[in-house]
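Trainee: Got a structure for you, written out below as structure tokens; questions coming shortly.
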Amino acid sequence: MTKSSEKSLPLIILGPMLRHVDNNIVTLYLVTSKQATLHGKLFDENKDVLALEEAQCEQLSFCVGKHCYIHLLRLKPEIALRANAFYAYNIDIELDSHTQALDQALPELFDCEQNTEKSIPFYFAKKLNNVLHGSCRKAHFHKKDALPVISELLKAESSKTDYPDLLLLTGDQVYVDDVAGPMLFAIHQVIDLLGLHHENFEASVIANSQELLLHEHSFYEREHLFPEIEANEKLTDAFFKGKRKPVFTSVHAHNHLIALNEVIALYLLSWSSRLWPFITLDKPDIKDAYKSQYEKEKDNIVNFCEGLPELEYGLARIPSYMIFDDHDITDDWNLTRGWEEQVYGNPFSKRIVGNALAGYFLFQGIGNPASKLKPLFERAKAVFCDGGFNQHSEFIDTLFDFDQWHYQLNTTPPIQVLDTRTQRWRSESNKNKPSGLMDWEGLCELQQNILGKDSVIMVSAAPVYGVKFIETIQRVFTTFGGALMVDAENWMAHRGTANVMLNIFRHIKTPPNFIILSGDVHYSFVYDVSLRFRRNSPKIVQFTCSGLHNEFPEKLIRWFERINRWLYGHRSPLNWLTKRRNMSVKQRKPENIKGDIVNTCAIGLLQLDEKGHEKQCTVICADGKKVVFTHDD
């Protein structure tokens with residue numbers, strides 16, 4: 001990786017990514033280094049051009065730097081797309097003096113031998129057969145990234161029954177709060193390379209983002225820059241002796257991103273290979289205490305970059321949908337009412353969280369179904385322009401007030417994607433108790449959306465049914481005021497949320513076939529759940545797949561798994577002491593794997609039958625190996 005001149009910047013620095021697709025819309029996302037007008041083209045299975053008037057090609061563009069323009073292109077053909085059929089697209093990019101087609105700008109993204117029409121194919125599935133999902137992709141994890149596997153799946157499958165329908169990314173797509181030193185060095189080079197806009201800070205020891213880049217604590221010591229709070233939780237007092245500590249709770253926050261331009265650069269480097277040739281990772285002024293760590297992380301980042309071209313190929317061809325979890329913003333985001341009071345009560349920490357949420361909007365949320373996002377689009381037009389981040393603080397306030405990040409897909413079966421971070425059920429009795437992952441109003445809306453349906457897929461960042469022994473540990477720490485120490489974020493941690501969610505499953509009109517897709521925990525497992533003492537119990541399958549590029553400590557997870565099997569096995573009487581005592585939870589066995597949990601970088605594949613019911617759950621490991629969770633006959 002060597003640094004090149006600004007003049008040779010590629011026109012397209014990220015994308016195209018295929019995002020939300022429905023009968024009447026195809027959503028494309030890309031980032032260019034020059035201001036441009038985009039003209040989309042759609043082709044049907046016969047390679048015929050679909051009619052597309054100028055008014056039916058809607059472009060939203062946001063300038064976030066001198067050489068960085070984010071574009072969302074919505075194509076609305078005159079004739080609705082047929083369900084379960086192949087289509088293709090291309091984009092003409094109009095600059096000041098000429099027009100360049102996508103196949104000219106990115107010839108490597110096209111299968112030249114098989115694609116003389118110069119278009120990128122995709123499959124529009126209304127009736128789902130194969131759903132990919134995963135979460136937790138940390139760039140500097142030391143093993144191989146599983147997300148690029150999707151390109152191999154797309155190349156291998158050509159029939160409609162085998163082709164992946166869509167990709168659900170269920171949280172922690174990036175780790176804003178846990179950044180490697182070499183990645184941070186690359187981020188700062190991208191800021192200069194693209195001229196990403198800077199910002200001023202309030203109530204901070206640093207005045208602006210330019211000063212941040214040069215500060216003595218900018219690398220590996222950013223906890224010294226954060227606001228501090230009194231360590232007032234009982235258990236935390238015991239460990240830290242009541243000393244003041246940084247407001248952010250991640251133990252890996254030494255390079256926690258602060259400025260919005262840093263967050264933008266992280267996304268560009270995480271999802272695209274095209275800026276990396278301009279980057280050097282040989283930072284000369286690393287402090288002696290961090291040199292060994294830096295070199296180790298550098299090797300991991302280089303390995304991560306090797307999979308990016310395959311990732312680009314896959315994300316251009318499969319519709320992708322995303323929802324945040326905490327690391328997209330910061331560890332323990334909105335975990336307790338006390339956390340919220342501390343973080344949002346300080347202008348600097350509020351800006352840090354707001355910048356990460358703005359990054360989520362610009363790179364993830366923007367491509368999901370757009371109906372609820374229109375108010376944000378309107379505000380963003382004024383904020384992201386050539387002159388800089390206008391009305392920055394006001395826009396962050398708008399993001400914090402917004403509570404419509406959740407969405408649904410009108411597929412068969414329908415998909416309900418939950419926001420478990422901003423619609424929380426806060427504890428009134430104790431500000432340090434974990435908040436419920438969703439409040440009463442959000443859960444009621446969920447119930448109304450699913451009642452009376454035959455089958456439904458629900459996406460929850462955290463598993464509804466977790467490993468019970470781990471949840472017990474979290475509960476013990478929470479009792480002593482240490483929720484922040486053990487990441488006590490599970491559906492059962494808050495009595496109100498737990499009761500309402502379990503009542504949804506018990507409701508007589510709840511779909512008889514209920515599939516839960518989740519991640520978060522850094523290991524993969526499948527549960528089959530049914531109601532005790534009911535003949536017509538809904539069939540509930542929970543498929544947890546995590547992480548794409550992260551794992552749980554191997555020795556620790558095996559001990560937890562073993563103890564959980566002893567204490568909370570299917571027939572254990574201890575189950576009657578849990579909130580889910582009226583439910584029978586059986587763990588499905590993975591083939592050719594020791595134990596009940598798969599602990600490796602992997603992506604999940606949910607296969608459905610003709611009725612939209614779960615047929616098979618498989619995790620596809622980063623090396624291509626497939627592990628099937630077998631049904632209990």
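Trainee: Of all residues in segment 496-538, how many are in contact with a Ser or Thr (Cβ under 7 Å, 6 or more places away or on another chain) and charged (D, E, K, R)?
Mentor: 2
Trainee: Show me the strands (runs of 3 or more DSSP E) found entirely inside segment 29-108 where at least 3 residues are buried (at least 16 other Cβ atoms within 10 Å of the Cβ).
Mentor: Numbers: elements: 37-43, 57-65, 68-75, 85-94, 99-101.
Those strands (runs of 3 or more DSSP E) span 37-43, 57-65, 68-75, 85-94.
Trainee: Now, a different point. Please go through segment 169-191 and give me each residue that is of a type in the set (Val, Ile, Thr) and either in contact with a Gly (Cβ under 6 Å, 6 or more places away or on another chain) or within 12 Å of residue 140 (Cβ to Cβ) (or both), ordered by number. Steps first, please.
Mentor: Filtering segment 169-191 down to residues of a type in the set (Val, Ile, Thr) leaves 170, 174, 176, 179, 187, 190-191.
Answer for segment 169-191, where residues must be of a type in the set (Val, Ile, Thr) and either in contact with a Gly (Cβ under 6 Å, 6 or more places away or on another chain) or within 12 Å of residue 140 (Cβ to Cβ) (or both): 170, 174, 179.
Trainee: Okay, next question. Restricted to segment 207-229, and to residues that are within 19 Å of residue 176 (Cα to Cα) and aliphatic (A, V, I, L, M), which residue is surrounded by the most Cβ atoms within 10 Å (Cβ to Cβ)?
Mentor: Selected residue: 212.
Trainee: For segment 259-295, enumerate the residues that are free of Cβ contacts under 8 Å to residues at least 40 places away in the same chain and open to solvent by less than 40 Å² (accessible area, probe 1.4 Å).
Mentor: 273
Trainee: List every residue pair whose Cβ atoms sit under 7 Å apart, with the two residues 6 or more apart in sequence or on different chains, where the first one lies in segment 550-564 and is within 15 Å of residue 594 (Cα to Cα) and open to solvent by less than 80 Å² (accessible area, probe 1.4 Å) and the second, anywhere, is in a loop (DSSP other than H, G, I, E, B) and among the charged types (D, E, K, R).
Mentor: As it stands, the answer is 561/596, since those pairs meet every condition given.
Trainee: Still on this model: One residue is enough: does segment 423-437 have a residue meeting the conditions at pLDDT 90 or above, crowded, with 20+ Cβ neighbours inside 10 Å and aliphatic (A, V, I, L, M)?
Mentor: No, segment 423-437 contains no residue that is at pLDDT 90 or above, crowded, with 20+ Cβ neighbours inside 10 Å and aliphatic (A, V, I, L, M).
Trainee: Give me the residue from segment 372-422 that is acidic (Asp, Glu) and part of a helix (DSSP H, G or I) and, out of that set, least open to solvent (accessible area, probe 1.4 Å). If you could, list the steps in order and put the result at the bottom.
Mentor: First, pick out the residues of segment 372-422 that are acidic (Asp, Glu): 378, 386, 394, 397, 401, 403, 419.
Still in the list and also part of a helix (DSSP H, G or I): 378, 394, 397, 401.
Values: 378: 120, 394: 97, 397: 62, 401: 123 Å².
Once the filter is applied, the top-ranked residue is 397.
Trainee: Moving on. Looking at (1) closer than 26 Å to residue 226 by Cβ; (2) under 18 Å from the mean Cα position of the chain (by Cα), which one does residue 323 not meet, given that it meets all the others?
Mentor: The one condition residue 323 does not meet is (1).
Trainee: Among the residues of segment 323-365, what is the count of those that are in a helix (DSSP H, G or I) and either closer than 16 Å to residue 396 by Cα or among the β-branched types (Val, Ile, Thr) (or both)?
Mentor: Of the residues in segment 323-365, the ones in a helix (DSSP H, G or I) are 326-328, 337-344, 347-363, 365.
Of the ones still in play, those that are also either closer than 16 Å to residue 396 by Cα or among the β-branched types (Val, Ile, Thr) (or both) are 328, 340, 343-344, 347-363, 365.
The qualifying residues number 22.
Trainee: Still on this structure, I have one more. List every residue pair whose Cβ atoms lie under 6 Å apart, where the two residues are 6 or more positions apart in sequence or sit on different chains, the first residue falls within segment 163-179 and is within 17 Å of residue 461 (Cα to Cα) and part of a strand (DSSP E or B), and the second residue, located anywhere, is among the hydrophobic types (A, V, I, L, M, F, W, C) and modelled with pLDDT of 95 or more.
Mentor: Close Cβ pairs (under 6 Å, with a partner that is among the hydrophobic types (A, V, I, L, M, F, W, C) and modelled with pLDDT of 95 or more) amount to 167/132; 167/318; 168/459; 169/322.
Trainee: Do we find a residue being farther than 29 Å from residue 461 by Cα and hydroxyl-bearing (Ser, Thr, Tyr) anywhere in segment 314-335? Step through it out loud before you land on a result.
Mentor: Filtering segment 314-335 for residues farther than 29 Å from residue 461 by Cα gives none.
No, there is no match, as no residue in segment 314-335 is farther than 29 Å from residue 461 by Cα and hydroxyl-bearing (Ser, Thr, Tyr).
Trainee: Tell me whether segment 296-317 contains one or more residues that are in contact with a helix residue (DSSP H, G or I) (Cβ under 8 Å, 6 or more places away or on another chain), open to solvent by less than 20 Å² (accessible area, probe 1.4 Å) and assigned to a strand (DSSP E or B).
Mentor: no
Trainee: To continue, here is another question. Is it true that some residue in segment 457-466 is surrounded by 22 or more Cβ atoms within 10 Å (Cβ to Cβ) and at pLDDT below 80?
Mentor: Yes, segment 457-466 contains at least one residue that is surrounded by 22 or more Cβ atoms within 10 Å (Cβ to Cβ) and at pLDDT below 80.
Residue-by-condition table, conditions (1) out of contact with any Ser or Thr (no Cβ under 9 Å at 6 or more places or on another chain); (2) over 18 Å from residue 174 (Cα atoms):
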| residue | (1), (2) |
| --- | --- |
| 276 | yes, no |
| 286 | yes, yes |
| 290 | yes, yes |
| 295 | yes, yes |
| 301 | yes, no |
| 304 | no, no |
| 316 | yes, yes |
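The values are calculated or read from the model by the stated rules, or taken from the named source; none is laboratory data. Predicted model only: the values in this text are computed from it and were never measured. Neighbour counts run over all protein chains shown; Cβ positions are idealised from the backbone, glycine included. For accessibility, only protein heavy atoms count, side chains too; no ligands or nucleic acids. Shrake-Rupley method; radii C 1.70, N 1.55, O 1.52, S 1.80 Å.
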